[in-house]
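Here is the structure we will look at.
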Amino acid sequence: MNLFSVSGKTVLITGGSRGIGEMIARGMVDAGARVIICARKPDAARALAAELSQTGECHALQADLTSCEDIERLVAAVGEHFGGKLDVLVNNAGAAWGSPLEDFPTKGWEKVLSTNVTGLFELTTALLPALRAAEDRPARVINIGSIDGLRVPFTENYSYSASKAAVHMLTRHLAQRLAGEAITVNAIAPGFFLTEMTKFMLDDPSMNEMIQNGIPLGRFGQPADIAGTVIFLSSTAGAYLTGATIPVDGGVVGCG
Ligand SMILES: NC(=O)c1ccc[n+]([C@@H]2O[C@H](COP(=O)([O-])OP(=O)(O)OC[C@H]3O[C@@H](n4cnc5c(N)ncnc54)[C@H](OP(=O)(O)O)[C@@H]3O)[C@@H](O)[C@H]2O)c1
């Protein structure tokens, strides 16, 4: 009965204010987890937390993961308000940049790598004491990668695809390092989900059709697809996976 339960677990979701992070937050709150979301813009995070608190438990914290001071503040808040114990860390916050090859700017590397890779690494290491203190072992780290880090994308997002390949490798490296401490580290590589990040592609009718035709299951990802995989990885059912990258993409990578 409890194989897929996450009830009562404390879960921090970075970038939980909208898009894929919001889908995960809604699923986790519905499943009875104690959820903390963080993002740079506090208003959107607070509004979502207020809405989700009507049916469960959701707290909002403000943090820019490219700032060491904000990471310190976020970790201190987890210590102060949540007993310094964290069962699940979902590293979801991410940034993308697209530009033609010869015009690709340095700031397009700095922004994407500092958010997707350095920020993820620094937050994870800063939260290790809280993950080590989790009551329900193993504690879980779930990194949101991308199919763009598994196969060559059709958009010119060079720093993004490289950052997501880095997330997948970092997942394996951290998994190997932390396995002996009963902390699992896995990645999910989403395919196409309609969010602010993919709006420019999916709002264009011809591109939308082209993308959808390339998805073997014939549809874009839905909230239950991503929330379900995160819940699985966070529950007893997912306790024996570590170092894995799971594509949640309707078959784009697996059937390609
Ligand atoms: N959508 C897709 O189809 C797709 C596919 C593959 C992978 N992904 C990955 O899934 C994750 C979520 O993407 P999404 O599509 O949901 O994007 P999104 O709609 O742009 O949402 C990004 C979230 O991250 C937060 N964020 C961005 N930069 C941040 C920073 N420096 N510090 C803290 N929070 C930050 C944003 O809030 P603020 O702006 O308020 O900070 C927002 O909550 C990303 O890692 C992305 O690469 C998405």
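Coordinate-derived values only; no laboratory data. Predicted, not measured: the structure shown is a model, and the values here were computed from it. Glycine gets a Cβ as well: all are built from the backbone with ideal geometry, and neighbour counts include every protein chain shown.
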According to a simple spin-label model (label point 7 Å from Cα along Cα-to-Cβ), what is the distance in nm between SER7 and PHE104? 4.9 nm
Within straight cross-link reach of LYS85, meaning Cα distance under 17 Å, which lysines are found once same-chain residues fewer than 8 apart are removed? LYS9
Taking the simple approach of a point 7 Å from Cα along Cα-to-Cβ for both ARG151 and THR118, what is their distance in nm? 3.2 nm
Per the rule of 0.36 nm per residue minus the C-alpha distance, extending ARG73 to THR236 adds in nm 55.6 nm
Straight-line reach from LYS164: which lysines have a Cα under 16 Å away, not including same-chain ones fewer than 8 places off? LYS111
Can you compute the FRET efficiency between GLN176 and SER206 using 1/(1 + (r/R0)^6), with r the Cβ-Cβ distance and R0 = 35 Å? Round to the nearest 0.05. 0.20
Angle in degrees between helix 19-30 and the longest Cα principal axis of the chain, rounded to the nearest 10: 30 degrees
Positive minus negative residues near ALA76 (Lys, Arg vs Asp, Glu; Cβ under 12 Å): -3
